[in-house]
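None of the figures in this text is laboratory data; all of them are computed from the coordinates on show. Given the structure is predicted, the values throughout are model-derived calculations rather than measurements. Here Cβ is always computed from backbone atoms with ideal geometry, including for glycine, and neighbour counts include all displayed protein chains.
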C-alpha cells in the first residue's frame, strides 16, 4: 500500500536491532485518516468473507482494529495481556513472547466474546517473528471460531512470522512488507502483485 510505505519512509525511524519506530503515526500518536485508508484496503482484500468479529491484541493494535471494525460493521475484541479484577474466570488463555518488550505475556480473551459462531479477522500493527499472531490463532482455535484472515499494517518480511502464517494456508494481507532495513534509515519494501 503506497500511502503506508510513503509514510514509513517519511516518518519511520530505524533503530538498532531491527526496530522500526512508527510511533508518530501508528502506535503512540495515531493517524486515524491513515487507519481509515488501511481499513478500506482490508475491506477490499477480504471482500466476500463472512467476518463478524475483529480480533487484536493490546495495545498497539487496538486503534487500527477499531477503525477496521467500524468499516466492517462488526465488534472488535482485544486480547488482554493482564487479568484484571473485572474479568471473570471463564476465559481462553495462552502465552506469547513479545519481540518489542522482550518478555512473555499471558494473553486472555473472555469466552463470551469469542465463540464457535465467530468468523474472525485478526488485525495487528506489526508482524515480525509471529509470536503474537500464533497466540491469537491458538485462542481462536481453542474457541472453535474460524479465522477468515489476518491483516497486518507492517510486516518485517526478513523475519519468520509471515512465512509461518502463510504455511498454515491463512490469507495474510500485509499492507507494507519490509525486506530490509539499515540503521542509516534505508528501507526496502517488497512489492506485492
Taking the stretch 12-26 as the region of interest, how many residues are part of a loop (DSSP other than H, G, I, E, B), over 12 Å from residue 154 (Cα atoms) and in contact (Cβ under 8 Å) with a residue 24 or more places away in the chain? 2
In the stretch 135-145, residue farthest from the chain's Cα centre (by Cα) [restricted to those that are surrounded by fewer than 17 Cβ atoms within 10 Å (Cβ to Cβ) and outside any loop (DSSP other than H, G, I, E, B)]: 142
Set 152, 165, 122: member being touching a helix residue (DSSP H, G or I) at 6+ places or on another chain (Cβ under 7 Å), closer than 20 Å to residue 27 by Cα and not in a loop (DSSP other than H, G, I, E, B): 122
Considering the stretch 146-160, residues that are without any contact (Cβ under 8 Å) to a residue 60 or more places away in the chain and closer than 12 Å to residue 53 by Cβ, and then whichever is surrounded by the fewest Cβ atoms within 10 Å (Cβ to Cβ), we arrive at 146
Scan the stretch 40-63 for residues that are touching a strand residue (DSSP E or B) at 6+ places or on another chain (Cβ under 7 Å), closer than 20 Å to residue 2 by Cα and not in a loop (DSSP other than H, G, I, E, B) and jot them down. 41, 42, 45
Mind listing whichever residues of the stretch 168-189 are loosely packed, with under 15 Cβ neighbours inside 10 Å and part of a strand (DSSP E or B)? 179, 180, 188
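Listed here are the residues, each with its yes/no results for (1) crowded, with 18+ Cβ neighbours inside 10 Å; (2) in contact with a helix residue (DSSP H, G or I) (Cβ under 8 Å, 6 or more places away or on another chain); (3) closer than 26 Å to residue 110 by Cα.
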| position | (1), (2), (3) |
| --- | --- |
| 3 | no, yes, no |
| 6 | no, no, no |
| 24 | no, yes, no |
| 29 | no, no, no |
| 33 | no, no, no |
| 54 | yes, yes, yes |
